[in-house]
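The values are calculated or read from the model by the stated rules, or taken from the named source; none is laboratory data. Predicted model, so just to flag it, every value in this text is computed and none were measured. Cβ coordinates were reconstructed from backbone atoms using ideal geometry, including for glycine residues, and neighbour counts include every protein chain displayed. Just so you know, the surface numbers come from the protein's heavy atoms only, side chains and all, with ligands and any DNA or RNA stripped out. Shrake-Rupley method; radii C 1.70, N 1.55, O 1.52, S 1.80 Å.
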Amino acid sequence: MSDLSRKIEALIFASAEPVGDHVIRALVEGQGGDPAESSALVPTLIAAIRGRYEDHGVELVEVAKGWQFRTRPELAGALTTVVEKPRRLSRAAMEALAVIAYHQPCTRAEIEAIRGVTLSQTVLDALLEDGLIVPKGRKDVPGRPVLWGTSARFLAAFGLRDLAALPRREELLVDPAALVEAPEPEPETETQPETGAKTDDV
């Protein structure tokens, strides 16, 4: 059991993305474990790993329907001056991301209708570049616009197990803790769409 938990620990540590239970079960079965018992064994193995890290600077947490090692929140303040931060999304991008998170899957036109302003291609590109949103097919209406939804990267960035764990919309807008500061973006043209005007979709 100890040797198996150490192998799972190494697997999670080596992975750049959260490791799902199905991957852990595959490792257990690959090491000779009984497939009928592997599902019940995974929580015990995870608990053993978490116990080993109780007094460490990192902890094993469940995010994006998987397991990942992360710095303990109480130590984050001591690292802010020495750890380089990635860029923070603009307010317009955060607003668009919040709309997508709570109304997905939704089209670009629907995002604009909810926000009350046009959605620039620059904002959409920023969300795509950071891997926070992904296409979820096309809506069955004239023009077949792309439907957008959030990604596993979105869940991991905000430390969410799944979409059911989403905080209130206000918290999502003001606390993008996993996304960091960057030079001030160029102001987005926030103009009201003209009535009846056609908005190109991506």
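Table for the structure above
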| quantity | calculated |
| --- | --- |
| Other-chain or far-sequence residues with amide H under 5 Å of R88's (modelled H) | V180, E181, A182 |
| In Å², nearest 10: area of H103 left accessible to a 1.4 Å probe | 100 |
| Directionally averaged projected area (convex hull, Cα atoms, region 54-160), nm² | 8.3 |
| For region 1-112: accessible area per residue (Å², 1.4 Å) | 56 |
| Residues whose placed amide H lies under 5 Å from that of R138, excluding near-sequence neighbours | L147 |
| S151, S15, ranked by accessible area, largest first (probe 1.4 Å) | S15, S151 |
| Relative contact order [Cα under 8 Å, 6+ residues apart], region 1-112, whole percent | 23 |
| Ranking by accessible area, most exposed first, for T107, T44 with a 1.4 Å probe | T44, T107 |
| Largest-first ordering by accessible area, 1.4 Å probe, given options V134, V19 | V134, V19 |
| With DNA, RNA and ligands ignored, accessible area of D3 (1.4 Å probe; Å², nearest 10) | 80 |
| Charge dipole of region 1-77 about the Cα centre (unit charges at C-beta), most positive-ward option of V19, A40, A76 | A76 |
| Total charge dipole magnitude, region 11-159, about the Cα centre, Cβ charges on Lys, Arg, Asp, Glu only, Debye to nearest 20 | 560 |
| Three-way shape label, region 33-114, alpha-carbon gyration tensor, a/c 1.5 | oblate |
| Extension gain from A78 to E29, taking 0.36 nm per residue of separation minus the Cα-Cα distance | 13.6 nm |
